[in-house]
Amino acid sequence: MKKIPNWLIVLVILGLLIGSKFLFFSKKEDPAAAAKGKGNAPVAVNYYVLQPDTFNNDVFATGKIGAFNQIEILPEVSGKVTSLHFKEGETVSKGSLLVKLNDADLQAQLLKSKTQMELSELKLGRLQKLIAINGISQEELDAQQNELNSYKADQAYILAQIAKTNIVAPFTGVVGLKNISEGSFVSSLTPIATLVQVKPLYVEFSVPEKYSALFAKGLDVKFSNDNQVTDKTESARIYAIEPMVDENTKTIRARAMYDGSSSFYPGSFVKVYAELGQVKNALMVPTQCVIPTLKGQKVFVVKNNTATEVPVTIGVRTDTKIQVLEGLQPGDTVVTTGLLSVKKDAKLKLLKQSR
C-alpha cells in the first residue's frame, strides 16, 4: 500500500478545523449585541396613581408610668428604733408618724434647758425692777437678757433634734416593704422603706421632633399596659412638654397626668397612642415606593412609559403609606414594584395598579 504524504494529512486537518468553525460558531449571537437588545426590553412594573386623601395623624410611642412623689425613707439622725407606726403596703397621710427613734437623752437636755430658762427669766424680771429705780446699770440688764436669749436658742436646737427622731410622712402615699424592726439601730444611711404617691400618676413618653407643632398642653392621649391581656385603655392629659429636642434621639419628651389605677405601678412600661387630628388633601404613596438616597428620598415617576427619578420630601408614615410633602402632584404615577430593576430613563411596561 502506498504511503500518504505528510503534506496531504496537514491539509486535511486544516480543512476539518476550518469547516468546524463555520459549522458551530457562525450562528452564535454577538454578546454585546445581545446585551444591548436585552437592555432595550421594557421592565414590567406595577404602579400607583396619586390622589388627594384624608388620613388620621396618629402617633404611637412607648412610655412609662411615673409617680409625682417617690422617696426612700431615711432617718436624719442615728438612733435606736423604739416603735414603728405603719404597716407594709398601707396608705399613710401626710404628717403621720412612721418611725420613732430613742430621744431620752434629748428629753433630759430639754428639761435642763427649760429649768435654766425659767431661772433666767425670773432673774431678768428682778433686774428690770431694779433698773427702774437706778439700782443696777443698763449693762447688767443687757447681759441677763443675752443669757436668756442663749437659753432660748439652746432649747430651740434641742427641740429640732427631738423632731428628727420622729420620722413622719412628707406626703400621702403607700408605704413599701420595711427594712427594719423595733429595736434596730439606724443611721442616716439606713433605708427604712419606700413611700410612693400612687394617685395621681403621670405617663412619660417621647415623640419625633416633626410632631412638635401638633403637641400642646391639654392634649388627651390613651395608653395601655404592655403586659395586659385585654385591650383596656386609659386616658391621660398632657400637662408638661420638654422645651428642647433630645440631640441623640431627635425626640421631644412629654408628660401626661393620669388619675391613677391599681392596674398600673410607677415604673411600668406602657403603649401610648395620641390622636393629632385629620390631615386633608394629603398625597400618600405606598411605603415601598420611597427609595432612600444619600441626599434624602426619591421615587420613580412614569412619564411616557419611561422611568423618571424625582426627589421627594416625606412627612408622616402610616402602616402602609408615606405622606409626600414636596416633589409630587395629584395624578402622578409612581412605580411600586420591580424597583431593583428600574433605572433612570428605563422603558416600563405597566401591569396593574397597586392599592
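The values are calculated or read from the model by the stated rules, or taken from the named source; none is laboratory data. Since the model is a prediction, treat every value here as computed from it, not as a measurement. In this analysis, Cβ positions are derived from the backbone assuming ideal geometry, glycine residues included, and neighbour counts consider all displayed protein chains.
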Over the range 47-76, the set of residues over 30 Å from Val270 (Cα atoms) and surrounded by 15 or more Cβ atoms within 10 Å (Cβ to Cβ) is Tyr47, Tyr48, Leu50, Pro75
In the range 283-342, anything closer than 26 Å to Tyr211 by Cβ and of a type in the set (Asp, Glu) is listed as Asp319, Glu326
When Gly260 is run through (1) touching a Leu at 6+ places or on another chain (Cβ under 6 Å); (2) modelled with pLDDT of 95 or more, the failure sits at (2)
Only one of (1) outside the structural domain of Lys303 (by TED's automatic domain parsing); (2) touching a strand residue (DSSP E or B) at 6+ places or on another chain (Cβ under 8 Å); (3) more than 29 Å from Val270 (Cα to Cα) does not apply to Gly89, and that is (3)
If we keep only residues of the range 57-76 that are touching a strand residue (DSSP E or B) at 6+ places or on another chain (Cβ under 6 Å) and polar (S, T, N, Q), then the residue modelled with the lowest pLDDT is Asn57
>> One residue is enough: does the range 102-113 have a residue meeting the conditions closer than 30 Å to Gln70 by Cα, part of a helix (DSSP H, G or I) and either among the aromatic types (Phe, Trp, Tyr) or without any contact (Cβ under 8 Å) to a residue 60 or more places away in the chain (or both)?
In response: no
Residue hits (the range 344-355; over 18 Å from Met284 (Cβ atoms) and surrounded by 11 or more Cβ atoms within 10 Å (Cβ to Cβ)) are Ala346, Lys347, Leu348, Lys349, Leu350, Leu351
